[in-house]
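Colleague: Structure in structure tokens, see below.
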Amino acid sequence: MADKILMKTPLVEMDGDEMTRILWQMIKDELILPFVDLKTEYYDLGLKHRDETRDQVTIDSAEATKKYGVAVKCATITPNVQRMSEYDLHEMWKSPNGTIRAILDGTVFRTPITVSRIHPAVRSWEKPITIARHAYGDVYKNTEIRTTEGGTAELVFTGDSGAVTRQIVQKLDGPGVLQGMHNKEASIRSFAHSCFQFALSQKQDLWFGTKDTISKIYDGAFKEIMAEVFEEYKDRFDAAGIEYFYTLIDDAVARVIRSKGGFIWACKNYDGDVMSDMVSTAFGSLAMMTSVLVSPDGIYEYEAAHGTVTRHYYRYLQGEQTSTNPVATIFAWTGALRKRGELDDIQDLVTFADKLEKACLDTIESGIMTKDLALLADDDGTIQVVNSVEFLKAIRRCLEALL
């Protein structure tokens with residue numbers, strides 16, 4: 001075998017939880033370390049270690065990403081009440097993804113990984129649709145109250161100058177629920193820049209939709225800021241032959257369903273959360289969807305779009321061999337390696353990432369696949385359902401033939 005591909009700058013490596021943590025190491029051992037002299041700055045974002053460090057490790061990993069420019073992240077647990085007990089946590093720690101997104105001021109772009117044997121549930125879709133999710137604020141940084149009596153709900157803002165703005169939200173005649181949300185103009189501008197830059201890099205149209213007819217100030221601000229920032233990119237969009245298209249969110253959904261795909265759909269935080277799952281499921285599976293966090297100043301963090309695959313992990317702990325799909329996690333690694341190669345001018349690393357992705361897709365096209373894909377794929381009699389270890393070994397054989 002030829003010498004391993006050398007790296008100049010380390011990737012920031014963020015390890016994770018449960019079954020994806022197991023697959024993480026398998027992928028490194030089988031598909032990366034035999035071919036690349038891998039350089040990483042390692043951070044253990046497993047829930048136990050996050051608890052031991054009082055979540056400082058998450059902050060440290062994000063700061064390291066700002067330093068080095070490219071990170072790759074394994075799926076992690078966001079604890080709930082059940083996890084508090086299961087892991088004996090000191091605190092119900094926040095989502096590490098949310099913490100990292102806030103520090104990097106990034107936008108999440110998610111794109112389905114398509115293979116010819118699996119057809120989209122939406123018949124008109126011919127090309128992948130990328131979801132660009134504004135990953136700050138809204139319901140994810142909300143404040144909520146559940147009242148036990150009637151009363152007056154008010155929205156109050158006290159400026160740094162001391163000026164007070166007060167509006168009545170609702171006069172309740174009995175118990176009710178209240179929710180307060182916010183966003184920052186700076187974050188919306190960063191979202192806009194990231195979306196327009198990503199659209200130019202992909203040479204794809206960019207769509208965006210809100211409900212500004214109802215939410216005239218909140219959603220209206222998104223619409224206005226996006227339009228304002230677009231003026232900085234308009235000439236470049238024209239030169240690239242692509243367009244920025246705004247419409248109401250409900251009209252956007254209807255147009256997406258009727259479209260052929262092949263564009264970027266920018267969404268507010270909640271819309272992006274929901275629509276990325278809809279798009280990934282319609283194209284096949286969350287296990288076949290890439291996810292990259294991009295900041296306006298060119299920092300990248302790659303990860304799989306799915307969670308930690310808890311059910312498979314419990315079966316793995318009982319000694320079972322699971323048929324867990326590792327493709328999205330592999331593509332997180334290839335995305336990070338490719339970007340690192342591009343930034344450091346290491347063409348061999350870029351080529352390796354391309355060939356590893358091709359090996360994954362060629363393996364599936366040959367009929368060797370995990371159970372989730374077999375349930376979706378056209379069966380011409382060649383499908384062979386394998387466990388994760390066998391699938392990774394099949395990908396390696398294909399990769400070695402390509403190198």
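Colleague: Across the stretch 380-392, what is the number of residues that are over 22 Å from Leu403 (Cα atoms) and either free of Cβ contacts under 8 Å to residues at least 60 places away in the same chain or not in a loop (DSSP other than H, G, I, E, B) (or both)? Spell out how you get there, then give the answer.
Modeller: We begin by selecting, within the stretch 380-392, every residue over 22 Å from Leu403 (Cα atoms); these are 380-388.
This time we only want the ones that are either free of Cβ contacts under 8 Å to residues at least 60 places away in the same chain or not in a loop (DSSP other than H, G, I, E, B) (or both), so: 380-385, 388.
The total comes to 7.
Colleague: Taking the stretch 32-67 as the search range and keeping residues that are acidic (Asp, Glu) and either under 16 Å from Met92 (Cα atoms) or not assigned by TED's automatic domain parsing to the domain that holds Thr308 (or both), which one is surrounded by the fewest Cβ atoms within 10 Å (Cβ to Cβ)?
Modeller: To start, the set of residues in the stretch 32-67 that are acidic (Asp, Glu) comprises 37, 41, 44, 51-52, 55, 60, 63.
When the remaining residues are screened for being either under 16 Å from Met92 (Cα atoms) or not assigned by TED's automatic domain parsing to the domain that holds Thr308 (or both), the result is 51-52, 55.
Numbers: Asp51: 18, Glu52: 13, Asp55: 18.
Per the criteria, the residue is Glu52.
Colleague: Considering each of Met92, Met84 in turn, give the residue that is without any contact (Cβ under 8 Å) to a residue 12 or more places away in the chain and not hydroxyl-bearing (Ser, Thr, Tyr). Walk me through it before giving the result.
Modeller: Values: Met92 fails: without any contact (Cβ under 8 Å) to a residue 12 or more places away in the chain.
Answer to the selection: Met84.
Colleague: Could you say which residue among Phe196, Phe237, Phe208, Phe191 is touching a Cys at 6+ places or on another chain (Cβ under 8 Å), surrounded by 13 or more Cβ atoms within 10 Å (Cβ to Cβ) and not in a loop (DSSP other than H, G, I, E, B)? Walk me through how you get there before you give the answer.
Modeller: Values: Phe196 fails: touching a Cys at 6+ places or on another chain (Cβ under 8 Å); Phe237 fails: touching a Cys at 6+ places or on another chain (Cβ under 8 Å); Phe191 fails: touching a Cys at 6+ places or on another chain (Cβ under 8 Å).
Residue meeting the stated conditions: Phe208.
Colleague: Any residue in the stretch 289-302 that is more than 19 Å from Phe331 (Cα to Cα) sitting within a Cβ distance under 8 Å of a residue that is among the aliphatic types (A, V, I, L, M) and at pLDDT 90 or above? List the pairs, counting only those 6 or more apart or interchain.
Modeller: If the second residue must be among the aliphatic types (A, V, I, L, M) and at pLDDT 90 or above, the pairs left are Ser295/Leu104.
Colleague: List every residue pair whose Cβ atoms lie under 6 Å apart, where the two residues are 6 or more positions apart in sequence or sit on different chains, the first residue falls within the stretch 128-147 and is closer than 30 Å to Gly174 by Cβ, and the second residue, located anywhere, is polar (S, T, N, Q) and part of a strand (DSSP E or B).
Modeller: Asn142/Gln179; Glu144/Gln179
Colleague: Then there is this: So which of Thr20, Thr99, Thr40 is touching a residue at least 12 places away in the same chain (Cβ under 8 Å), over 25 Å from Ile346 (Cβ atoms) and in contact with a strand residue (DSSP E or B) (Cβ under 8 Å, 6 or more places away or on another chain)?
Modeller: Working: Thr99 fails: in contact with a strand residue (DSSP E or B) (Cβ under 8 Å, 6 or more places away or on another chain); Thr40 fails: over 25 Å from Ile346 (Cβ atoms).
Result: Thr20 is the single residue among Thr20, Thr99, Thr40 that is touching a residue at least 12 places away in the same chain (Cβ under 8 Å), over 25 Å from Ile346 (Cβ atoms) and in contact with a strand residue (DSSP E or B) (Cβ under 8 Å, 6 or more places away or on another chain).
Colleague: While we're here: Criterion first (surrounded by fewer than 16 Cβ atoms within 10 Å (Cβ to Cβ), of a type outside the set (A, V, I, L, M) and under 23 Å from the mean Cα position of the chain (by Cα)) does Glu185 satisfy it?
Modeller: On the way: surrounded by fewer than 16 Cβ atoms within 10 Å (Cβ to Cβ): yes; of a type outside the set (A, V, I, L, M): yes; under 23 Å from the mean Cα position of the chain (by Cα): yes.
Criteria met by Glu185.
Colleague: May I pose another question? I'm trying to understand the selection: among the residues of the stretch 286-345, which are within 19 Å of Lys393 (Cα to Cα) and β-branched (Val, Ile, Thr)?
Modeller: Our first condition is that a residue be within 19 Å of Lys393 (Cα to Cα); within the stretch 286-345, this holds for 287-288, 316, 320-334.
Across the stretch 286-345, the qualifying residues are Thr322, Thr324, Val327, Thr329, Ile330, Thr334.
Colleague: Scan the helices (runs of 4 or more DSSP H) fully inside the stretch 1-107 and keep the ones with 3 or more residues being over 30 Å from Gln318 (Cβ atoms) and out of contact with any helix residue (DSSP H, G or I) (no Cβ under 8 Å at 6 or more places or on another chain). Steps first, please.
Modeller: Numbers: elements: 18-27, 47-52, 56-68, 81-86, 96-104.
So the answer is 56-68.
Colleague: Can you name every residue in the stretch 211-224 that is surrounded by fewer than 18 Cβ atoms within 10 Å (Cβ to Cβ) and in contact with a strand residue (DSSP E or B) (Cβ under 7 Å, 6 or more places away or on another chain)? Working first, answer last.
Modeller: Within the stretch 211-224, the subset surrounded by fewer than 18 Cβ atoms within 10 Å (Cβ to Cβ) is 211, 213-218, 220-221, 224.
Within the stretch 211-224, Lys211, Thr213 meet the criteria.
Colleague: Taking the stretch 6-21 only, how many residues are surrounded by 21 or more Cβ atoms within 10 Å (Cβ to Cβ) and of a type in the set (A, V, I, L, M)?
Modeller: Total satisfying the criteria: 4.
Colleague: Can you find a residue that is small (Gly, Ala, Ser), without any contact (Cβ under 8 Å) to a residue 40 or more places away in the chain and assigned to a strand (DSSP E or B) anywhere in the stretch 177-186?
Modeller: Yes, some residue in the stretch 177-186 is small (Gly, Ala, Ser), without any contact (Cβ under 8 Å) to a residue 40 or more places away in the chain and assigned to a strand (DSSP E or B).
Colleague: Answer yes or no as to whether Ala75 is surrounded by 13 or more Cβ atoms within 10 Å (Cβ to Cβ), under 20 Å from Trp333 (Cβ atoms) and free of Cβ contacts under 8 Å to residues at least 60 places away in the same chain. Before you say what the answer is, go through the steps one by one.
Modeller: Numbers: surrounded by 13 or more Cβ atoms within 10 Å (Cβ to Cβ): yes; under 20 Å from Trp333 (Cβ atoms): yes; free of Cβ contacts under 8 Å to residues at least 60 places away in the same chain: no.
Answer is no for this residue.
Colleague: Identify, from the list Ala401, Ala377, Ala359, the residue that is crowded, with 17+ Cβ neighbours inside 10 Å, assigned to a helix (DSSP H, G or I) and small (Gly, Ala, Ser). Break it down stepwise before answering.
Modeller: Values: Ala401 fails: crowded, with 17+ Cβ neighbours inside 10 Å; Ala377 fails: assigned to a helix (DSSP H, G or I).
Result: Ala359 is the single residue among Ala401, Ala377, Ala359 that is crowded, with 17+ Cβ neighbours inside 10 Å, assigned to a helix (DSSP H, G or I) and small (Gly, Ala, Ser).
Colleague: Give the residue that is farthest from Gly298 (Cα to Cα), with candidates limited to residues of the stretch 364-373 that are under 24 Å from the mean Cα position of the chain (by Cα) and surrounded by fewer than 23 Cβ atoms within 10 Å (Cβ to Cβ). First the steps, then the outcome.
Modeller: Just the residues of the stretch 364-373 that are under 24 Å from the mean Cα position of the chain (by Cα), to begin with: 364, 369-373.
From what's left, surrounded by fewer than 23 Cβ atoms within 10 Å (Cβ to Cβ): 370-372.
Values: Thr370: 35, Lys371: 37, Asp372: 35 Å.
Only one residue fits best here, namely Lys371.
The values are calculated or read from the model by the stated rules, or taken from the named source; none is laboratory data. The structure displayed is predicted, hence computed values, not measured ones. No Cβ is skipped: glycine too gets one built from the backbone with ideal geometry, and neighbour counts run over all protein chains shown.
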